[in-house]
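J.: Have a look at this one.
The values are calculated or read from the model by the stated rules, or taken from the named source; none is laboratory data. Note that the coordinates shown come from a computational prediction; the quantities given were computed from them, not determined experimentally. Cβ atoms come from the backbone with ideal geometry, glycine included; neighbour counts cover every protein chain shown. The accessibility values were calculated without ligands, DNA or RNA, using every heavy atom of the protein model including side chains. Shrake-Rupley method; radii C 1.70, N 1.55, O 1.52, S 1.80 Å.
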Amino acid sequence: MACRVATMVAVLLAAVAATCAQAQLHDKFYSESCPSVEDVVRKEMVRALSLAPSLAGPLLRMHFHDCFVRGCDGSVLLDSANKTAEKDAQPNQTLRGFGFVERVKAAVEKACPDTVSCADILALIARDAVWLSKGPFWTVPLGRRDGSVSISNETDALPPPTSNFTVLTQLFAAVNLDAKDLVVLSAGHTIGTSHCFSFSDRLYNFTGMENPSDIDPTLEPQYMMRLKSKCASLNDNTTLVEMDPGSFKTFDTDYFKLVSKRRGLFHSDGALLTDPFTRAYVQRHATGAFKDEFFADFAASMIKMGNANPLTGSQGEIRKKCSVVNH
């Protein structure tokens, strides 16, 4: 009985701690210490996306990958001399934009030294990546601090593009995200590109036979042939394919139209049609008639994801450079 009570108390304390940490995040966190932080970040974002609009998708993805491992603590940005950090793990090998994040951090440091965390900068970058791609704008709660630990093996917490619905919901639940968050945040695939190897098993090796006829039967045939014309084999490690063909630089509801027609690029996209709730959400927004509703949902889910186990208060640190811990 005593053990049970102790366990219940521990669980309650953990829940209270998580709630308190989230409560410490708020949009006015830097109103006195660094009131210009959002303007500084946005200036850099406008400059970068005017030159390379395709960078928006990777920057959004980087925030996602940060939050799913150890919470939103900037750990995905850390370098490791022996290549054992999160960014060295296979799921993060295709992340782009690390150098740009460092440039933004340098600009913020110039304006407000030792004040704004890399984790917060990444959250602002992700928001502006969406907004500058004609997506929704939302107020980002701030006050995260940077972690000092980054371990490649912990990227197992990231939802792989090969996941079925059960695996997806389990991995999302681990960071307090539900089925609605899953289908809403999956629509981040409306911007950006992917390497062939992230989905080519659907074209050539769906059951492990490794031949041109071993295809995923849930993939729409004409779309499958189009993908095969771009990704010639399982060994293609360089070709990039638009995740939302025709509007991959614009944040819109076209993703849902594609998924509803069985033209979602990844297993995880197609998996949204295997659950009644997420399938209904996809079909509703595939009509394109509820853009404002979807935009509001996406903003809410991004804020919720951004609240995933943040370090706050005296926890962690404010890194001077995002790729290395302070000494």
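J.: Just the projected area, averaged over all directions, of the convex hull on the alpha carbon atoms of the stretch 107-211: how many nm²?
T.: Values: hull surface 38.3 nm².
Dividing the Cα hull surface by four gives the mean projection, 9.6 nm².
J.: With a sphere of radius 12 Å drawn around the Cβ of Gly316, what net charge do the other residues whose Cβ falls strictly inside it have (Lys, Arg +1; Asp, Glu -1)?
T.: 0
J.: While we're here: What's the carbon and sulfur percent of the stretch 34-155's accessible surface, probe 1.4 angstrom, rounded to a whole number?
T.: 53
J.: Here is a follow-up. In nm, to one decimal, how far is the Ala157 label point from the Arg284 one, both placed 7 Å along Cα→Cβ?
T.: Simple spin-label model gives 3.0 nm for this pair.
J.: Need one number: nm distance between label points at His327 and Lys261, each 7 Å from Cα along Cα→Cβ, rounded to one decimal.
T.: 5.5
J.: What does the helix-only formula give at 222 nm for the chain: each DSSP H stretch with n ≥ 4 adding -39500 (n - 2.57), the total divided by the residues, and the result rounded to the nearest 500 deg cm²/dmol? Don't skip to the end; give the middle numbers.
T.: Details: 13 runs with 147 residues, N = 327.
Roughly -13500 deg cm²/dmol at 222 nm, from the helical runs in the chain.
J.: Separate question: How fast does the chain diffuse by Stokes-Einstein, in µm²/s, taking the Kirkwood radius from C-alpha pairs at 37 °C and 0.692 mPa s? Mind dumping the intermediate values first?
T.: Details: Rh = 20.6 Å.
In µm²/s, the coefficient is 159.
J.: Leaving ligands, DNA and RNA out of it, rank Phe290, Phe248, Phe172 by accessible area with a 1.4 Å probe, largest first.
T.: Phe290, Phe248, Phe172
J.: Met225 to Asn176: extension gain in nm, 0.36 nm per residue of separation minus the Cα-Cα distance?
T.: 13.9 nm
J.: Just the Kirkwood number for the stretch 163-305, please: inverse of mean 1/r across all distinct Cα pairs, in Å, one decimal.
T.: Final number for the Kirkwood radius of the stretch 163-305 is 15.6 Å.
J.: Next question, about the same structure. Could you give the accessible area per residue of the chain, probe 1.4 Å, as a whole number in Å²?
T.: Roughly 46 Å² per residue, with all protein chains present.
J.: Based on alpha-carbon centroids, what's the gap between the stretch 123-193 and the stretch 227-248 in Å, whole number please?
T.: Between the Cα centres of the stretch 123-193 and the stretch 227-248 lies a distance of 23 Å.
J.: So, one more: Round to the nearest 0.05 the FRET efficiency obtained for Lys320 and Phe277 when R0 = 41 Å and r is the Cβ-Cβ distance.
T.: 0.35
J.: Here's something else I'd like to know. Provide the descending list of Cα extents for the stretch 256-327 along its principal axes, expressed in whole angstroms.
T.: Taking the Cα atoms of the stretch 256-327, the three principal extents are 53, 25, 20 Å.
J.: Give the cross-link partners of Lys28 among the aspartates and glutamates, using a straight C-alpha distance below 17 Å as the criterion and excluding same-chain residues fewer than 8 apart.
T.: Lys28 reaches Glu38, Asp39, Asp120.
J.: Of all the accessible heavy-atom surface of the stretch 228-327, with the other protein chains kept in place and a 1.4 Å probe, what percent is carbon and sulfur?
T.: Carbon and sulfur atoms account for 53 percent of the accessible area of the stretch 228-327.
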